[in-house]
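*Asks:* Once you've had a glance at the structure underneath, I'll fire off some questions.
The values are calculated or read from the model by the stated rules, or taken from the named source; none is laboratory data. Here the structure is a predicted model, which means the values were calculated and not measured. Cβ sites come from the backbone with ideal geometry, for glycine too, and all protein chains shown count toward neighbours. Remember, those area values only see protein heavy atoms, side chains included, never the ligands or the DNA or RNA. Shrake-Rupley method; radii C 1.70, N 1.55, O 1.52, S 1.80 Å.
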Amino acid sequence: MDNIHINWFPGHMAKAQRMIREHLKLVDVVIELLDARIPVSSANPVIKEIIENKPRIVALNKADLAEAEWNEYWSGVFRDQGLQVVALEAITGKGTKALIGKVEQAASDTITRLAAKGIRPRAVRAMILGIPNVGKSSLINRLLGAATVRTADKPGVTRGKQWIKISKNLELLDTPGVLWPKIEDSEVALKLAITGAINDEVYDLEQVMSKFLCLLREHYSERIVERYKLNEPLPEENEELLGLIGAKRGCLRAGGIVDYDKARKIILNEFRGGKLGRFTLDRGIENSSKT
Ligand SMILES: Nc1nc2c(ncn2[C@@H]2O[C@H](COP(=O)(O)OP(=O)(O)OP(=O)(O)O)[C@@H](O)[C@H]2O)c(=O)[nH]1
Ligand SMILES: [Mg+2]
């Protein structure tokens, strides 16, 4: 089958990278949001080069959409790499307390070092980094909701920047850094497309869904059977499967012909919304071409 092809705009990303570098100068710690369903595929391949030696906390967001045992597995993998990691649900706020604790802890060395140089102890500053749609704004809003004060511009230090005061010792930059994923690998591109990290306009729905339906049929047929009230075994042809699901959901054009695209979108949206159950699509470092 053809490789997933995605249009790519490096111009955007060059600008995003410049912004990140500028903002990084202002913070002590970085919170890297990853999608718990694809912790490898949603990572930026050069994160270490970008953040240099800043402490980094990994947050596996959308943990509610990923399989619980796999969340444990991935947390262990990151811990083994010497990183602090938390499972997070930015929309409900589950995990934010643990995250805040780890961020404060990670920055305490920096603060101690400054204090040793005679610089008055100050709040720790952090920023959020992550690929599109990973939940950066949701996390900021969640933390903002809990924040007591939203500090205004800091004159002379960060003109135009807003800091959210999270706790006595922690301030968060209210603008997240948008990272770019590695999309050259076709498997990775597929996972990014179905999880919503890549804009729906830049990939071919039919091509992506054709691969995704194969994956679903192969590993999760019982979920499809249950959700769409079908009989086993599922048809081997994707079109036939789409026909059955489309008919069940009333995706019909004039003359009773199934609207395949509508059926594809229903399945994709239900997957993204967790209605087909929890999925972890990255199941090992070797699953992607991450170096
Ligand atoms: N199920 C679930 N959905 C989440 C979670 N966090 C965020 N979302 C959803 O993911 C989508 C993207 O969230 P945003 O917070 O807008 O993501 P973002 O990283 O700011 O996206 P960009 O601004 O496009 O880069 C939204 O529909 C959120 O409701 C989570 O923990 N669980
Ligand atoms: Mg956002």
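*Asks:* On C-alpha positions alone, give me the angle between the axis of helix 96-116 and the longest principal axis of the chain, in degrees, nearest 10.
*Replies:* Helix 96-116 sits roughly 30 degrees off the main axis of the chain.
*Asks:* Which of the aspartates and glutamates could a cross-linker span from LYS136 if the Cα-Cα distance has to be under 12 Å and same-chain partners fewer than 8 positions apart are dropped?
*Replies:* Within the straight-line limit of under 12 Å, LYS136 reaches these aspartates and glutamates: GLU32, ASP35, GLU89, ASP174.
*Asks:* Follow-up question, since we're still on this one. Going by accessible area, probe 1.4 Å, with all protein chains left in place, what is the ranking of LYS165, LYS262, LYS94, LYS25, largest first?
*Replies:* Numbers: LYS165 50, LYS262 105, LYS94 135, LYS25 160 Å².
Per-residue accessible area, sorted high to low, gives LYS25, LYS94, LYS262, LYS165.
*Asks:* Right, another one. Could you report the chain's accessible area per residue, 1.4 Å probe, as an integer in Å²? Numbers along the way, then the final one.
*Replies:* Details: 14750 Å² over 291 residues.
Accessible area per residue, the chain: 51 Å².
*Asks:* Can you give the FRET efficiency to the nearest 0.05 for CYS214 and LYS168, using r as the Cβ-Cβ distance and R₀ = 45 Å? If you can, show how the numbers build up before the last one.
*Replies:* On the way: r = 52 Å, r/R0 = 1.16.
Result of the calculation: an efficiency of 0.30.
*Asks:* Same structure again: Using the structure shown, list the pairs from LYS191/LYS265; LYS102/LYS165; LYS191/LYS262; LYS94/LYS117 with a Cα-Cα distance above 26 Å, or answer none. It would help to have the intermediate numbers written out before the result.
*Replies:* Values: LYS191/LYS265 16 Å; LYS102/LYS165 16 Å; LYS191/LYS262 20 Å; LYS94/LYS117 37 Å.
Cα-Cα > 26 Å for LYS94/LYS117; rest within.
*Asks:* Specify which residue in the list ALA193, ALA115, ASN269 is farthest towards the positive end of the charge dipole of the chain, using unit charges on the beta carbon of Lys, Arg (+1) and Asp, Glu (-1), about the Cα centre.
*Replies:* Looking along the dipole axis, the top candidate is ALA115.
*Asks:* I need the P(r) histogram for segment 186-287: all alpha carbon pairs, bin width 5 Å from 0 out to the longest distance, whole percents.
*Replies:* Taking all Cα pairs of segment 186-287, the binned fractions are 2, 12, 23, 26, 20, 11, 4, 1, 0, 0 percent.
*Asks:* Round to the nearest 10 and report in Å² the accessible area of ARG223, as given by a 1.4 Å probe over the protein chains' heavy atoms.
*Replies:* Solvent-accessible area, nearest 10 Å²: 60 Å².
*Asks:* Let me ask something additional. Tell me, what % of the accessible area of the chain is carbon and sulfur with a 1.4 angstrom probe? Walk me through the numbers on the way to the answer.
*Replies:* On the way: 7340 of 14750 Å².
Carbon and sulfur: 50 percent of the exposed surface of the chain.
*Asks:* Can I ask one more? Quick one: what Rg and Dmax do you get for the chain from the alpha carbons, in Å?
*Replies:* Calculated on Cα positions, Rg and Dmax stand at 21.5, 79 Å.
*Asks:* For the Cα atoms of the chain, what angle does the longest principal axis make with the long axis of helix 238-248, in degrees from 0 to 90, nearest 10?
*Replies:* It works out to around 90 degrees.
*Asks:* For segment 240-282, what mean projected area does the convex hull of the alpha carbons give, in nm²?
*Replies:* Details: hull surface 13.6 nm².
Approximately 3.4 nm², given one-decimal rounding.
*Asks:* If you don't mind, there's one more thing I want to ask. About its Cα centre, what dipole magnitude does segment 186-287 give when the only charges are +1 on Lys and Arg Cβ and -1 on Asp and Glu Cβ, stated in debye to the nearest 20? Show your work: numbers first, answer last.
*Replies:* Details: 16 positive and 18 negative charges, 109 e Å.
It comes to approximately 520 debye.
*Asks:* What is the P(r) of segment 10-178, as percent of Cα-Cα pairs per 5 Å bin from 0?
*Replies:* It works out to 1, 9, 17, 23, 21, 16, 9, 3, 1, 0, in whole percents.
*Asks:* Quick one: putting +1 on the C-beta of Lys and Arg, -1 on the C-beta of Asp and Glu, what dipole do you get for segment 10-178 around its Cα centre, in Debye to the nearest 20?
*Replies:* Working: 26 positive and 17 negative charges, 184 e Å.
It works out to roughly 880 debye.
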